[in-house]
Amino acid sequence: MDALDRKILTELQLDGRLTVTELAARVKLSVSPCHRRLRDLEREGAIRGYRAVVDPAAVGLDFEALVFATLRWEDRDTVTTFEEAVAAVPHVIQAQRLFGEPDYLLRVATTDLAAFQQLYDRQLATLPGVQRLTSTLVMKHVVDDRPLPEQPADGGLRGR
């Protein structure tokens, strides 16, 4: 992946509805090579898909909490069962497995505190393998849905 591919990715993260012609103009490339690069990025998996970014408040999901989950055991069956159960909870909008403790970070969106409390008691607290859940409420998004940087954190010096 070169600098031009990274520029294409940056532009698409800013506006995923760009036509190939608009994209080519923004990255200063003719349409055919831009289209080829775009297809290559899609085929290689650098571009995983296209979607609309929906404002949670606009659809009534004004309340957000971060839930940290620690498992009793970290054997393969417990991890698999827990991850499948988490994936089945629609209000868990993001789930990440972590190194160390806690084991998981879950981002949960609901309508309000009462709805979160019900979800917590009825679904999250009953997830298989859970030893402990700890929650914190999101007060404000400071950086939200930022495009990935064009340059690797090491400035492209890795391997030199």
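Values in this text are rule-based calculations from the coordinates and carry no lab data. Just so it is clear, the structure is predicted and the values come from calculations on it, not from any experiment. Here the Cβ positions follow ideal geometry from the backbone for every residue, glycine too, while neighbour counts run over all protein chains shown.
Only a single item in (1) in contact (Cβ under 8 Å) with a residue 60 or more places away in the chain; (2) of a type in the set (D, E, K, R); (3) in contact with a strand residue (DSSP E or B) (Cβ under 8 Å, 6 or more places away or on another chain) is not met by residue 145, and it is number (3). Mind checking which residues of the stretch 28-63 are surrounded by fewer than 10 Cβ atoms within 10 Å (Cβ to Cβ) and assigned to a loop (DSSP other than H, G, I, E, B)? Those that are surrounded by fewer than 10 Cβ atoms within 10 Å (Cβ to Cβ) and assigned to a loop (DSSP other than H, G, I, E, B): 28, 45, 48, 49, 50, 51, 52, 53, 54, 55. When residues in the stretch 12-25 are screened for being surrounded by fewer than 17 Cβ atoms within 10 Å (Cβ to Cβ) and not in a loop (DSSP other than H, G, I, E, B), 6 of them pass.
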